[in-house]
Amino acid sequence: MTVGGSAIGALSLEAYSTHDALDGVPQPFVTPHLFGHDEIFAEMDEARRSGRMHHAWLLQGPAGIGKATAAFCFARLLSGAAASDPAGATIRFDPADPVFRQIAIGSMPGLIHLTRPPVERGTGYRTQITVEEVRRLGRFFHATASGEGWRIAIVDPADDLNRNAANALLKLLEEPPARSVFLLVNHTPGRLLPTIRSRCRVARFEPLSGEAVGDALAAFGAGLDAEDAAPIVRAAEGSVRQALMLAANGGVEIGQAVERLFAAGEADINALQALVDQLTMKGREASYDLFLARLLAFVAEESERRLMAGDLAAANAYAELWQAESRRLSEAAAFNLDRKQAALTTASRVFALKAALGRSKAANVADALRD
């Protein structure tokens, strides 16, 4: 059983990379769209136009839902780029705009992007944003003229600041340079110094709606129709980044593979093992996660289907299996347990319950649910 994937290319403007770059997922500084978050963006734009701009914004919410993209979109507005509809549900910029191009390739004089730096030797990136990086901010503000233009610092994410870097940033926030704006991306509130948070205006971002994620998939050229996109949208949990990652890693094919496995009258163990072997190969982490998500979604859908049919015993059995396997898989990921065994165990338990319910033997149902 072969599961393939289709690449989703980023814009050709991309001239630099970051520690969290993923194949098939355009980086925020080259992304011309912001899907959803229209109320938050309208609030930020109103502050810009009213002249009551706070010097520091904390863009807070789960990872992958568009906070960094919003930061770069706002930086474009502050730098003079025109959005097609800054008060609309989808914010769009023209990639041919000179400001867009300068920000995309990292050459905008009034903007600095702080993130985890590359290691000094070899390949890869440091695990933290260091104090040396924050000191670049001081040099940036000293070297750039204030005048009438804004000087913008994007810290992405502020979660990665080590203690010394966080304290150095705090000093800048306490005495901000003239015409400066700090846009701090924050995934986990507990990882940020309370004193930094207290000096920021907080913009709380929530996971996107399924409609917004579907619109983003279409706009980024994932090439999926509504039926194929549906399982990816569900698995993305409100994250465009996750949806694009899944689309680029064979999400549709994996969903179809799971459906074929469980549509069969009996378990095809060889096909299951071959599929899991592919998904546990290095570099297939996103595909593996989608496989597990689709397995659990199958169990939840079966529970609902049995409930609607009036089969309460079967509905409860599937609901209990979903709860038990969701917990077990979370623990397996947390403790870095063998991924292949975790997936095979869950799939085997789903097969066992399906077979037991097919035979309508309560004892077999209990056996299938037993840990």
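The values are calculated or read from the model by the stated rules, or taken from the named source; none is laboratory data. Owing to the predicted nature of the structure, the values given are computational and were not obtained by experimental measurement. Positions of Cβ are generated from backbone atoms using ideal geometry, with glycine treated the same way; all protein chains shown enter the neighbour counts. When the accessible area is computed, the model is the full protein with side chains, heavy atoms only, and any ligands, DNA or RNA have been set aside. Shrake-Rupley method; radii C 1.70, N 1.55, O 1.52, S 1.80 Å.
What to note about this one:
- Flag for G310 being open to solvent by 40 Å² or more (accessible area, probe 1.4 Å) and of a type in the set (G, A, S): yes
- Subset of region 27-82 [touching a residue at least 60 places away in the same chain (Cβ under 8 Å), of a type outside the set (A, V, I, L, M, F, W, C), assigned to a loop (DSSP other than H, G, I, E, B) and surrounded by 18 or more Cβ atoms within 10 Å (Cβ to Cβ)]: P32, G36, H37, G61, G64, G66, S79
- Within the option set N270, N249, being in contact with a helix residue (DSSP H, G or I) (Cβ under 6 Å, 6 or more places away or on another chain) and open to solvent by 30 Å² or more (accessible area, probe 1.4 Å) holds for one residue only, N249.
- Criterion violated by A212 - all others in (1) out of contact with any Leu (no Cβ under 8 Å at 6 or more places or on another chain); (2) open to solvent by 50 Å² or more (accessible area, probe 1.4 Å); (3) modelled with pLDDT of 80 or more; (4) farther than 18 Å from L296 by Cβ satisfied: (2)
- Condition met for V202 (open to solvent by less than 30 Å² (accessible area, probe 1.4 Å) and either farther than 21 Å from A70 by Cα or touching a residue at least 40 places away in the same chain (Cβ under 8 Å) (or both)): no
- Residues satisfying the stated conditions in region 285-307, i.e. open to solvent by less than 20 Å² (accessible area, probe 1.4 Å), closer than 19 Å to L261 by Cβ and not polar (S, T, N, Q): Y288, L290, F291, L295, V299
- Any hit, region 159-167, residues being hydrophobic (A, V, I, L, M, F, W, C), over 27 Å from H37 (Cα atoms), surrounded by 15 or more Cβ atoms within 10 Å (Cβ to Cβ) and modelled with pLDDT of 95 or more: yes
- For region 256-271, the condition of being modelled with pLDDT of 90 or more and assigned to a helix (DSSP H, G or I) holds for none of the residues.
- For beta carbons closer than 6 Å, sequence separation of 6+ or different chains, a first residue in region 262-277 that is within 13 Å of A343 (Cβ to Cβ) and a second that is open to solvent by 50 Å² or more (accessible area, probe 1.4 Å) and in a helix (DSSP H, G or I), the qualifying pairs are V276/K340.
- Selection count, region 100-129, where residues are surrounded by fewer than 13 Cβ atoms within 10 Å (Cβ to Cβ), out of contact with any Phe, Trp or Tyr (no Cβ under 7 Å at 6 or more places or on another chain) and modelled with pLDDT under 90: 6
- L217 being within 23 Å of the chain's Cα centre (by Cα) and surrounded by 19 or more Cβ atoms within 10 Å (Cβ to Cβ): yes
- Within region 205-226, being charged (D, E, K, R) and either within 30 Å of L170 (Cα to Cα) or touching a residue at least 40 places away in the same chain (Cβ under 8 Å) (or both) holds for E206, D215.
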